[in-house]
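The values are calculated or read from the model by the stated rules, or taken from the named source; none is laboratory data. If you're wondering where the values come from, they're calculated on a predicted model, not measured in any experiment. Every residue, glycine as well, gets a Cβ built from its backbone with ideal geometry; the counts of neighbours run over all protein chains shown. Heavy atoms of the whole protein, side chains included, go into the accessibility calculation; ligands, DNA and RNA do not. Shrake-Rupley method; radii C 1.70, N 1.55, O 1.52, S 1.80 Å.
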Amino acid sequence: MKPILDRAEKKSSSLGVGTLDKQWASLAAFVGIPLPGTGAWTGAMGAFLLGMPTGLALSSIFAGVVSAGCIMSAITLAGKKGGIAALAILALFTGKEFLSSKEEKQDFLEADPYWDQSAVPVNVYKNKAPFVGKVVSTKRIVGPQA
């Protein structure tokens with residue numbers, strides 16, 4: 001099993017995964033689709049391969065399992081119309097997460113405005129001053145009088 005997981009981890013690391021919000025929504029949608037192979041166990045493996053934090057992965061998997069349960073309950077109780085309504089709600093939720101473009105500003109790393117570099121500290125590193133000493137003697141001293 002280790003070679004398969006190593007290969008999958010290597011491929012997933014080269015995908016260039018998006019923000020944590022998009023990872024959360026993707027994992028919740030993947031787990032929430034009530035098809036064989038898209039459940040909580042597979043979602044846990046996907047969260048591990050994506051390197052998601054444990055709390056975020058657990059909440060995403062929980063939301064996916066709840067949505068899959070709602071979809072299956074709606075299909076069972078209401079037939080086709082209930083299933084279509086549940087899938088539409090899931091699609092709206094997932095689409096809202098993917099299409100929202102809320103870019104957060106990183107003001108703690110950048111100068112404001114970004115082209116003004118006068119507020120950014122430059123060349124503040126100073127080497128340690130070398131120890132300056134005086135050689136008193138190079139005479140070898142051995143014995144009790146040393």
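A few notes on this one:
- Highest mean packing comes first when the peptides 56-65, 24-33 are listed by Cβ atoms within 10 Å, giving 24-33, 56-65.
- Each peptide in 75-81, 1-7 gets a packing score, the mean of other Cβ atoms within 10 Å over its residues, and the list from highest to lowest is 75-81, 1-7.
- Area accessible to solvent at ILE141, 1.4 Å probe radius, in Å²: 110
- What the phi angles of the range 43-56 give under the Karplus curve with 6.51, -1.76 and 1.60, with θ = phi - 60°, is a coupling list of x, 5, 5, x, 5, 5, 5, 7, x, 6, x, 4, x, 5 Hz, glycine and proline written as x.
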